[in-house]
Amino acid sequence: MPNHTHLLLSERVANGLSLFLRKMRGYGRYFNERHGRHGRLFDTTKKVLIKQPAHFLYVLHYLHLNGLDDLPGAEGWRERDKGTIANVDAAIAHLKADKWSSIRDYCGEKNFPSILTTDLFAEHPGEYEQDIRRFLKERARFEFDNRLFE
């Protein structure tokens with residue numbers, strides 16, 4: 001995303017997320033000092049507790065599909081009755097072209113393997129990409145509740 005970042009994090013140790021966020025703020029201070037910059041490097045965070053596997057998949061899809069905002073003809077992917085994605089193959093290729101997205105890792109291609117856990121899909125390689133394709137083809141049946149991410 002050109003103007004913001006999404007992270008889907010889980011704790012491996014108690015209070016791990018708090019420690020990670022403190023380190024991110026510390027890195028922001030370091031970066032600003034090193035580059036003679038002022039202000040926040042990272043904006044405020046929005047935290048959403050995910051308790052159910054279905055909610056996890058919903059959030060994962062939402063994060064990966066955000067890249068469609070800058071694909072001509074796909075800007076309304078979140079909005080019901082705004083048309084469908086005309087070319088799903090082009091949409092998938094566009095999403096996979098973003099080197100900072102983890103979608104390739106979830107689709108079985110190595111991109112950020114050292115920092116990601118994609119075990120949920122390890123037994124079914126290619127299943128995540130099939131889910132994304134199916135979602136894009138049937139997108140008009142779904143509507144994201146953007147209030148979860150405001």
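The values are calculated or read from the model by the stated rules, or taken from the named source; none is laboratory data. Since we're looking at a predicted model, the values are computed, not measured. We place every Cβ from the backbone using ideal geometry, glycine too, and count neighbours over all the protein chains shown. Surface areas here come from the heavy atoms of the whole protein model, side chains and all, with no ligands, DNA or RNA. Shrake-Rupley method; radii C 1.70, N 1.55, O 1.52, S 1.80 Å.
Here are some notes:
- Put a plus charge on the Cβ of each Lys and Arg, a minus charge on the Cβ of each Asp and Glu, and nothing anywhere else: the dipole of segment 12-79 about its Cα centre is then about 660 debye.
- Applying 1/(1 + (r/R0)^6) with r as the Cβ-Cβ distance of N32 and L7 and R0 = 22 angstrom yields a FRET efficiency of 0.65.
- Note that segment 101-117 has calculated 3J(HN,Hα) couplings of 8, 8, 4, 4, 4, 6, 8, x, 9, 6, 9, 10, x, 6, 10, 10, 10 Hz, one per residue in order, obtained from phi through the Karplus relation 6.51 cos²θ - 1.76 cosθ + 1.60 (θ = phi - 60°); glycine and proline are x.
- In Å², nearest 10: area of K99 left accessible to a 1.4 Å probe: 120 Å²
- 3J(HN,Hα) along segment 12-23: 9, 9, 4, 6, x, 5, 4, 4, 4, 5, 5, 5 Hz, from the Karplus curve 6.51 cos²θ - 1.76 cosθ + 1.60 with θ = phi - 60°, whole Hz, x for Gly and Pro.
- Of all lysines in the structure, the ones whose alpha carbon falls short of 27 Å from that of K137, not counting any fewer than 8 places away in one chain, are K82, K96, K99, K110.
- Nearest-0.05 FRET efficiency for N15 and R133, computed from C-beta distance (R0 35 Å): 0.35
- Segment 1-73: C-alpha gyration tensor shape, a/c 1.5 cut-off, then a/b vs b/c: oblate
- Each residue of segment 32-46 was assigned a 3J(HN,Hα) from its phi angle through the Karplus expression (A = 6.51, B = -1.76, C = 1.60, θ = phi - 60°), giving 4, 5, 5, 9, x, 10, 10, x, 6, 7, 10, 6, 4, 9, 10 Hz with x at Gly and Pro.
- Within the shell of other residues whose beta carbon sits under 15 angstrom from the beta carbon of W100, the net charge comes to -1, with Lys and Arg scored +1 and Asp and Glu -1.
- 14 Å beta-carbon shell around N111, net charge (K/R +1, D/E -1): 0
- FRET efficiency, 1/(1 + (r/R0)^6) with R0 30 Å, evaluated for A97 and K47 via beta carbons: 0.55
- Projecting the Cα atoms of F31, N66, S114 onto the charge dipole of segment 15-134 (Cβ charges, centred on the Cα centre) puts F31 farthest toward the positive pole.
- Solvent-accessible surface ranking, highest first, for I50, I103 at 1.4 angstrom: I50, I103
- Counting only protein chain heavy atoms and rolling a 1.4 Å probe, the accessible areas of W77, W100 rank, largest first, as W100, W77.
- Summing +1 for each Lys or Arg and -1 for each Asp or Glu among the other residues whose beta-carbon sits under 12 angstrom from that of L41 gives +3.
- Accessible carbon and sulfur surface of segment 36-131 relative to its total accessible area, %, 1.4 Å: 52 percent
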